[in-house]
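Student: One structure follows; several queries about it will come next.
The values are calculated or read from the model by the stated rules, or taken from the named source; none is laboratory data. Note that this is a predicted model, so its numbers are computed, not measured. Here Cβ is always computed from backbone atoms with ideal geometry, including for glycine, and neighbour counts include all displayed protein chains. Ligands, DNA and RNA are stripped out before the accessible areas are found, and what is left, the full protein with its side chains, is counted by its heavy atoms. Shrake-Rupley method; radii C 1.70, N 1.55, O 1.52, S 1.80 Å.
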Amino acid sequence: VLRTAGTNCEIETAYAFVSGLDRSGSEVSTYGEVIEGIEFRLRFLKEVGLDYLTLNRGYGTLSGGESQRVRLATQLGMSLMGVIYVLDEPSIGLHAKDNQKLIETLKELRDVGNSVVVVEHDEEMMRAADHLIEIGPGAGLYGGEVLYEGPPQQCAAGDGSARSTGAYLSGAQQLTREAKRLEPSERWVVVKEASHHNLKGVTAEIPVGLLTCVTGVSGSGKSTLVNQVLAKAAARKLNRSKDIPGVHKGIEGLEQFERVVRVSQDPIGQSPRSNPATYTKLFDALRDLYTKVPLSRTRGYKAGRFSFNARGGRCERCQGQGAIKLDMLFMSDAYIECPSCNGQRYNRETLEARYAGINIAEALDLSVDAAREKFKNVPRIIEKLNTLEQVGLGYLKLGQAANTLSGGEAQRLKLSLELSKRNSGKNLYILDEPTTGLHWADIQRLSDLLFRLRDQGNTVVVIEHHLDFIGLADWAIDLGPGGGSRGGEIVYSGSVDGLRGCERSETGASLKA
């Protein structure tokens, strides 16, 4: 395979070559089992929608969804029985066109005698399930209950009561947009002749002041165009970044922006020391507040006393982390609650300072909603708490360790930080699949937030597969028509309504359906 097709060939090409070999030849028959094994593995990679990947593609360059599907194809190749497979959002990064392939693959695992448990928000996946379990009714402190258990058809029919997921499955509730759909003005950002990776010298025109969705099947070149070319070039010019953009012949229109903001789902921190309060700068306002209580003034406590990153006020056994790290040698590090401070991070003297009856450790243990009630008379604090509530994080605890937050929560934290800043209306926001891991109700909050940024005069560019979200956008740029070498072209650029009628677009066909 490697000698004839080359390591740079795509999986589909390699599969066609291997399956077409004449098995009667003496050389082929000698290695018959090996060839069958290669064909077997290539077929499963093809079935999970990865036929556009090349054989020598670096594993580290794969998206989260692609790497998960590679592991899934490996399991299929083992032909195991009696195994429980647990998958967390396998549809991440998957276009609606390829979603059915993934569902059929999971059914194949089920049919040979395995149990498949999927954590998922995708509508098609829910409808294809044999058994549906909904947890809720809210998130965090407001969740943890089993709301529904049974066939997805009964959930969609509203069995029992008007449930959140059932309402969307039945169509009784849908994503809506209160903001007015805008038309392009005469201002554009033009990416000229981008030819990085599989892009075929495309020129993309993005309207300024609108919300634009960049769509296309998996591997069509969306991330290359937006993240590797546009985002890096904009960050280099506007933010003085040292990132080197992908191959292109220039970008016009960047002078219309003051800065570029890339909002990803990357973690906001890897240890318990980082939390929503520290990330959003809310912790600074809290520490200043606690220096003004009578006990702090009497003892001369400064803001540093209430920091768990400095000596003086913190618990020295855990050094202000509230947890002690256990070295697990060859496994990931584990954390246990500090036995000295019981996870409160501070020493006894610091915890004696109280505002409205609570000390700073108890303040960090409040949810955003509870903190809004407790600190409603402190303008500097309530302003930041309100932005956290607006992005749907009212259930989150202020001091919740960053390494326990999901990707969607981390992304909304970053958006709340942007909202709390003074907005000039001249920013370029770039988001990569922001709906990943979000329920319809959360996507509604997210879309409202992005349109709010747009209405302030900003330009928002979103890479997205979620069809309901795409349907809300002002403008769409669709890449394709396929993935890998069959993609890299701009199939469509225009209004979302026009995308539905584009015959070459797989996204348009899915929207129309």
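Student: Taking the Cα centre of the chain as the origin, how large is its charge dipole in debye, to the nearest 20, when only Lys and Arg (+1) and Asp and Glu (-1) carry charge on their Cβ atoms?
Tutor: Using only the charged Cβ atoms, the result is roughly 2780 debye.
Student: With a Förster radius of 60 Å, plug the Cβ-Cβ distance of residue 34 and residue 297 into 1/(1 + (r/R0)^6) and report the FRET value to the nearest 0.05.
Tutor: The formula returns an efficiency of 0.15 here.
Student: A further question on this structure: In nm, to one decimal, how far is the modelled label at residue 142 from the one at residue 376, with both set 7 Å along Cα→Cβ?
Tutor: In this crude label model, residue 142 to residue 376 measures out at 1.7 nm.
Student: For the chain, what % of the accessible area comes from carbon and sulfur atoms, probe 1.4 Å?
Tutor: 49
Student: Could I have the simple spin-label model distance between residue 17 and residue 328, label points 7 Å from Cα toward Cβ, reported in nm to one decimal?
Tutor: Label-label distance for residue 17 and residue 328, simple model: 4.1 nm.
Student: Give me the distance in nm between label points sitting 7 Å out from Cα along the Cα-to-Cβ direction at residue 173 and residue 349, one decimal.
Tutor: Between residue 173 and residue 349, the label points sit 5.2 nm apart.
Student: I would also like to ask the following. Compute the length gained on full extension between residue 256 and residue 241: take 0.36 nm times their separation in residues and subtract their Cα-Cα distance, giving the result in nm to one decimal.
Tutor: Gain on extension, residue 256 to residue 241, equals 3.6 nm.
Student: Assuming a ≥ b ≥ c are the square roots of the Cα gyration tensor eigenvalues, decide whether the stretch 28-123 counts as rounded (a/c under 1.5), prolate (otherwise, with a/b larger than b/c) or oblate.
Tutor: Note, shape of the stretch 28-123 comes out oblate.
Student: Please list, or write none, the aspartates and glutamates whose alpha carbon is within less than 12 Å of the alpha carbon of residue 101, excluding same-chain residues fewer than 8 places away.
Tutor: Cα-Cα hits under 12 Å: 47, 51, 124.
Student: Please list, in chain and number order, the residues 5+ apart from residue 314 or on another chain whose amide H is under 5 Å from its amide H, with Hs placed from the backbone.
Tutor: Close amide H contacts, sequence-distant or interchain: 347.
Student: Give the lysines reachable from residue 97 as a straight Cα distance under 26 Å; neighbours fewer than 8 places away on the same chain don't count.
Tutor: 46, 107, 200, 222, 512
Student: Under 1.5 on a/c is rounded, so check that first for the chain, then, if it is not, pick prolate when a/b is larger than b/c and oblate when it is not; a ≥ b ≥ c are the square roots of the alpha carbon gyration tensor eigenvalues.
Tutor: Judged from the Cα gyration tensor, the chain comes out prolate (a/c at least 1.5, a/b above b/c).
Student: Pull up all non-local amide H partners of residue 117: gap of 5 or more, or a different chain, and H-to-H distance under 5 Å with H placed in the peptide plane.
Tutor: 85, 86, 87
Student: Please work out how many pairs of lysine residues in the stretch 311-399 are eight or more positions apart (or on different chains) and have Cα atoms closer than 16 angstrom.
Tutor: Close lysine pairs under the 16 Å cut-off: 4.
Student: OK, next. Give a residue-ordered list of calculated ³J(HN,Hα) values for the stretch 243-252 (Karplus: 6.51 cos²θ - 1.76 cosθ + 1.60, θ = phi - 60°; whole Hz; x for Gly, Pro).
Tutor: For the stretch 243-252, the Karplus-derived couplings read 5, 9, x, x, 5, 7, 10, x, 10, 9 Hz, x marking Gly and Pro.
Student: May I pose another question? Can you bin the stretch 57-214 into rounded, prolate or oblate? Criterion: square roots of the alpha carbon gyration tensor eigenvalues sorted a ≥ b ≥ c, rounded for a/c under 1.5, prolate for a/b above b/c, oblate for the rest.
Tutor: Oblate.
Student: Determine the gain in length on full extension of the stretch residue 157-residue 310; use 0.36 nm per residue of separation and subtract their C-alpha separation, reporting nm with one decimal.
Tutor: Taking residue 157 through residue 310 to full extension adds about 49.5 nm, to one decimal.
Student: Right, something else. Taking a probe of 1.4 Å, how large is the accessible area per residue of the chain, in Å²?
Tutor: Averaged over the residues of the chain, the accessible area is 48 Å².
Student: From largest accessible area down, sort 440, 475, 188; use a 1.4 Å probe on the protein chains.
Tutor: Solvent-accessible surface, decreasing: 188, 475, 440.
Student: I need the chymotrypsin sites (Phe, Trp or Tyr not before Pro) found in the stretch 319-363, filtered to DSSP loop residues with at most 13 other beta carbons within 10 Å of theirs.
Tutor: Within the stretch 319-363, the qualifying chymotrypsin sites (Phe, Trp or Tyr not before Pro) (loop, at most 13 other Cβ atoms within 10 Å) are 330.
Student: Still on this structure, please answer the following. For the chain, which cysteines have no disulfide-compatible partner, meaning no other cysteine Cβ under 4.7 Å?
Tutor: Lacking a cysteine Cβ partner under 4.7 Å: 9, 155, 213, 502.
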